[in-house]
Amino acid sequence: MKPPERFPPDDPREWLNRARSNLIRSKNRIPGAYLEDLCFDAQQAAEKAIKGVMIACDIAFPYVHDLDQLLTVLESTGQHVPDEIHRAGKLTPYATAARYPGMEQPVSEQHYLEAVEIAEAVVRWAEERI
């Protein structure tokens with residue numbers, strides 16, 4: 001499989017490439033991998049996709065992992081964010097607390113599947129905008 005074309009870091013297409021890469025990793029059920037780690041990749045896919053849209057719209061973004069905050073900044077500039085994409089806020093805890101031992105309960109299969117579903121929706125939305 002040929003790797004995706006690389007673009008400069010200020011190109012929204014490169015952010016989308018990285019989002020797709022995280023999404024692929026989130027769906028790769030390697031034996032022994034924690035679902036929390038796969039959910040982290042789902043969160044990263046959504047975050048990078050949202051930031052790619054912000055770059056495409058020439059909107060400066062804060063360097064945060066809070067997806068609700070990023071979507072609020074995007075909307076404050078007049079950009080429409082569908083309700084389905086606002087579900088991305090549910091992924092924010094996977095960016096921090098779920099990455100370390102003892103800070104969260106193990107992720108359930110249901111929550112994992114929901115995280116991947118949300119990330120897929122955000123990446124699709126970004127692909128339509130970039």
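In deg cm²/dmol and to the nearest 500, what is the mean residue ellipticity at 222 nm of the chain if only DSSP H runs of at least 4 residues count, each as -39500 (n - 2.57), divided by the residue total?
Rounded to the nearest 500, it is -18000 deg cm²/dmol.
I need the calculated FRET efficiency for the pair residue 34 and residue 66, taking r as the beta carbon distance and R₀ as 30 Å, to the nearest 0.05.
Values: r = 22 Å, r/R0 = 0.75.
That gives a FRET efficiency of 0.85.
Consider just the alpha-carbon atoms of segment 12-129 and return their Rg together with their Dmax, both in angstrom.
Reported Rg and Dmax, both Å: 13.6, 44.
What lysines could a cross-link reach from residue 90, if we take a straight Cα to Cα line under 25 Å and drop same-chain neighbours fewer than 8 places away?
Qualifying lysines at Cα under 25 Å: 27, 48, 51.
All of the numbers you see were taken from the coordinates with simple rules; none came from a lab. No experiment lies behind these values; they were computed from the predicted model shown. Please note: Cβ atoms are built from the backbone with ideal geometry, for glycine as well, and neighbour counts cover all protein chains shown.
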